[in-house]
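Working notes, structure below.
The values are calculated or read from the model by the stated rules, or taken from the named source; none is laboratory data. Predicted model, so just to flag it, every value in this text is computed and none were measured. Positions of Cβ are generated from backbone atoms using ideal geometry, with glycine treated the same way; all protein chains shown enter the neighbour counts. SASA here: full protein model, heavy atoms, side chains in, ligands and nucleic acids out. Shrake-Rupley method; radii C 1.70, N 1.55, O 1.52, S 1.80 Å.
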Amino acid sequence: MADLLTRLTDRKAWTRAVYDPQVRAVVFQALLVLVLALVATEIVLNTAANLKKQNIASGFDFLTRTAGFDVSQSLLPYTSKSTYGQAFLVGLTNTLLVAALGVVLATALGFVLGIARLSPNWLASKLALAYVELVRNVPLLLQLLIWYVAVLRAFPAPGDALALPFGAYLDKRGLHLPHIALAHGGWLALSILAALALAWWLKRRAKQDQKSGPAHSPSLRSAGWVLAGLVPVIVLIWSSLGATVRYPVLGRFNYEGGLSIEPEFLALLIGLTTYTAAFIAEIVRAGLSGVPRGQREAAAALGLSRRQALRLVILPQALRIIIPPLTNQYLNLTKNSSLAVAIGYPDLVSVFSGTVLNQTGQAVEVILITMAVYLLISLATALAMNAFNARTAWAER
Amino acid sequence: MRERSLLLGLLALLSATICGAGFAAAQSATLDAVRARGHLVCGVNTGLAGFSAPNDRGDWTGIDIDFCRAVAAAIFRDGNRVRFVPLNAKERFTALQSGEVDVLSRNTTWTMSRDTSLGLNFTGVLYYDGQAFMTRKSLGLHSVSDLKGASICVQSGTTNELNLADFFSTRGLDYRPVVFERLVEVLGAYSSGRCDAFTTDSSQLVSERTRLPDPDSHEMLPDLISKEPLGPVVRQGDAGWSNIVRWTLFVLVNAEELGVTQANVEEMRTTANPEIRRMLGTEGEYGKGIGLDNDWAVSILKAVGNYGECFERNLGESSPLKIARGRNALWKDGGLMYAPPIR
């Protein structure tokens, strides 16, 4: 105790502390955090006080109130009797749907284009070049409008719809597909999940066996693989035997009964996919060009064909260059999906920070929630891609 | 000495507070801000013929625009001292709440939630409207219920979107909503055949129909499914400003009832009719009572004329829309337009 007192009153110790860069750093950072916290609290309190003073409703209670409006496309059960909270979920799932499909399709198209650009085939590489330069240099909003207004609205009215194979129709109200309801959908999903789990386990065992010698007989392993492949197929056959198919039938105004895919969704998906694919193509090209020439020559020297060399030697090495910028494109695609508002697709921005904001007037809360959701989606995407990146990257020699 | 000056200071402060309180009844922070700025800022529709749209010379015209000019004239004796801020349905309330505009005169429906939970006040009804449906004549429909299973285009964030859902769900009918943020997008979708019907306020439908390539092949269904009283909106908490905007509207209606027009307002100042003399400021201190010039009503009527003249010019027979007065006629002609007396 006395020791502490002498240390605290020791002027020299204080002086030393003041000039110690480490102490200084801690003190200044603590001060900065304190000031930021104060500013943040002040903003929150001030906003709340001003909203109250102006008699503007605030708080998050509105999420449980009845929404009263309809949404054109919803993956979840939703009617005008649902709550604003449910409307939020509808908007969120619509955003996630278009973003997830967009990411998959854009990646596939982007890889094809990127590889085509380096192809020795003159036509393929020049076509890919023209595509990339045309698409990535025109603003996305314009492209969405072109797809929506100029392309999809040019299709015929429901009465003269284009008949497609398998009882599907295409008109300016969208793509109408037969609706297939499998008899035992639950079992099918379960069997696929079980098969995936089994496959994952088998793969892990195989890796362990490679390291420490086989622990199981190969025949047992093959039986496992057969089981993983066969069970879902059997269940699929079983459930499609009792499946009911409802074909779209032209009613008084629209095709009814089938599965209708709205033109707004199609336009947004096509627009996002083609636009982002142009950027991904460039990333893929950069990744492929970034693999040293010697690798290609070595693969050729080993007698691998061009295709084999690409698949086994070049692409795996290119991936570690490709993945970090690819993550950026995924994030861009997700955020760009908010342009949906221009063509009437009910995404998160359109439904929640558009309609809900306007019907409740609670701008501050609605915008905060929307921003938080986009942040979460982006962070989750980045996290997943970083994990993937960590797996594909290998130690430099 | 020191104590005395402190006492005097306190007294001065106290008297200032009392005077301030007495003064505040007739004063308005918004009015002061508008005066200091030198012009009124009015939130209007981005483009709706008859209500608020730029004409071929680029000047804003329409009945909502005329109302803004009337308020400007009441304050500045000059109907041109207004800056118009075009707003879409989604932006309108935020623009008013945040003080970006002084008045919102943008065909906005007066509802309870808007009046009570947004920190805003409606100041009256400029146009009594109702929600209607437009379809192609070739469909041969007779009522809104015939639209079962149809695709219907509607603007998001409007009362129309809510009425539409209510109408179809209470009758157990299904329909497919196609929702856009801007009216021009809704019209484009309807025009291209994306939807079977286009629903919004009846007056807007009449106005939008003139913009279709073939107006005659479209018709309005006879039923109106809602009440849509459209009126000017101000921020809550400035009662003085609210009074100015509300009584500007009442002056327009009263002037029509009393037969005071843009042309005869100057000679009417000396008429014997005491009602007119009070309105035009020849008698009494009514204009001064709300912090304006005593002949504020004369400035309003000189700038835009009375309500009937505004209606006629923008929506009635002298306009391309040719909307009948109907419910917007004066109460004594069987309509709903009724203004409290100035006395």
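Keeping all protein chains in the complex and leaving out DNA, RNA and ligands, what accessible area do you get for residue A:335 with a 1.4 Å probe, in Å² to the nearest 10?
The accessible area comes out at roughly 100 Å².
Quick check for me: using +1 on Lys/Arg Cβ and -1 on Asp/Glu Cβ, what's the dipole size of the protein assembly as shown about its Cα centre, in debye to the nearest 20?
3440 debye
Can you tell me which of A:99, A:199, A:116 moves the most in a GNM of chain A? Springs connect C-alpha atoms under 10 Å apart.
A:199
Whole-Hz ³J(HN,Hα) for each residue in the range A:383-390, computed from phi via Karplus 6.51 cos²θ - 1.76 cosθ + 1.60 with θ = phi - 60°, x for glycine and proline: what do you get?
Listing the rounded values in order: 4, 4, 5, 5, 5, 4, 4, 4 Hz.
So, with +1 on the Cβ of K and R and -1 on the Cβ of D and E, and no other charges, what is the size of the charge dipole of the range B:131-226 about its Cα centre, to the nearest 20 debye?
With only Lys, Arg, Asp and Glu charged at Cβ, the dipole is about 160 debye.
Using +1 on the beta carbon of Lys and Arg, -1 on that of Asp and Glu, and nothing else charged, what's the dipole of the range A:230-365 about the Cα centre, debye to 20?
Taking the Cα centre of the range A:230-365 as origin, the dipole is about 780 debye.
Divide by every residue of chain A the summed helix terms, -39500 (n - 2.57) for each DSSP H run of at least 4, and state the resulting mean residue ellipticity at 222 nm, rounded to the nearest 500 deg cm²/dmol.
-21500 deg cm²/dmol, from helical runs alone.
Pick out which of B:141, B:183, B:126 has the largest mean-square fluctuation in a Gaussian network model of chain B, springs linking Cα atoms closer than 10 Å.
Result: B:141 has the largest fluctuation of those listed.
Per DSSP helix of 4 or more residues, -39500 (n - 2.57); summed, then divided by the residues of chain B. What does that give at 222 nm, rounded to the nearest 500? Working shown, then result.
Details: 14 runs with 139 residues, N = 343.
Helix-only estimate at 222 nm: -12000 deg cm²/dmol.
Against the 2.2 N^0.38 Å scaling, with N counting residues, where does the protein assembly as shown land? I'd like the Cα-based Rg ratio to two decimal places.
That works out to 1.27 for the protein assembly as shown.
Could you work out the equivalent-ellipsoid semi-axes for chain A, taking the square root of 5 times each eigenvalue of the Cα gyration tensor, largest first, in whole Å?
45, 38, 26
If you take each beta carbon of peptide B:142-151 and count the beta carbons of other chains within 10 angstrom, what is the mean?
Taking all residues of B:142-151 together, the mean is 2.
Work out how far the C-alpha atoms of chain B reach from end to end along every principal axis, then list the three figures in whole Å, largest first.
Principal extents (Cα only, largest first): 90, 51, 38 Å.
Work out the mean other chain Cβ neighbour count within 10 Å for the residues of A:62-75 and drop it here as an integer.
Mean shielding count: 3.
Past the 24 Å Cα-Cα mark, which pairs from A:81/B:227; B:90/B:227; A:172/B:148; A:81/B:90; A:203/A:335?
A:203/A:335
Calculate the translational D of the range B:229-343 in whole µm² s⁻¹ from Stokes-Einstein, where the hydrodynamic radius comes from the Kirkwood formula applied to all Cα pairs, the temperature is 37 °C and the viscosity 0.692 mPa s.
In µm²/s, the coefficient rounds to 222.
Please figure out what share of the DSSP beta bridges in chain B is antiparallel and state it in percent, rounded to the nearest 5.
Within chain B, antiparallel bridges account for around 55 percent of the total.
Of A:157, A:87, A:206, which has the largest mean-square fluctuation in a 10 Å C-alpha GNM of chain A?
A:206
Starting from the Kirkwood radius over alpha-carbon pairs of the range A:2-53, derive D by Stokes-Einstein at 10 °C in a medium of 1.306 mPa s and give it in µm² s⁻¹.
114 µm²/s
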